[in-house]
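Step one of this worksheet: look at the structure below.
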Amino acid sequence: MTVTFEGPWSTYVSAFTRPVWTARHPPERFCHLVYGVPEALVPLAVRTAHERGAAVCGPVTGEPPNPWSELTPALTGAQE
């Protein structure tokens, strides 16, 4: 699996576009790690990742310096 995006939600929604070369590979090979996602928008982050060719998305509400220190509450239940 290759991470083709890791960064803040603000960049993900405003500036990130799917790398052209990823279209030649199945979505299961790609992951987007998005932090600073407002909790209400976590499902949107997952849908957006799928639309951008990544089968795996790790949206978290945390912020730097360690946004990955806790799971987003919405992810502790069922994910889309």
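The values are calculated or read from the model by the stated rules, or taken from the named source; none is laboratory data. Predicted model only: the values in this text are computed from it and were never measured. Cβ coordinates were reconstructed from backbone atoms using ideal geometry, including for glycine residues, and neighbour counts include every protein chain displayed. Ligands, DNA and RNA are stripped out before the accessible areas are found, and what is left, the full protein with its side chains, is counted by its heavy atoms. Shrake-Rupley method; radii C 1.70, N 1.55, O 1.52, S 1.80 Å.
The equivalent ellipsoid of the range 1-43 has semi-axes of 21, 11, 8 Å, largest first, where each one is the square root of 5 times an eigenvalue of the Cα gyration tensor.
Could you please put HIS32, HIS50 in sequence from largest to smallest accessible area, using a 1.4 Å probe?
HIS50, HIS32
Annotation for GLU70 and LEU44: the two label points, set 7 Å from Cα along the Cα-Cβ direction, are 2.2 nm apart. Taking the 0 to 90 degree range and rounding to the nearest ten, how far is the long axis of helix 42-51 tilted relative to the main principal axis of the chain, both from C-alpha atoms? It is inclined by approximately 0 degrees. Taking all protein chains together and rolling a 1.4 Å probe, VAL37 ends up with roughly 0 Å² accessible. Placing unit charges on the Cβ atoms of the charged side chains and taking the dipole of the range 1-55 about its Cα centre, the candidate lying farthest along the positive direction among SER10, GLY36, GLY53 is GLY53. Rg of the Cα atoms in the chain, relative to 2.2 N^0.38 Å, amounts to 1.03.
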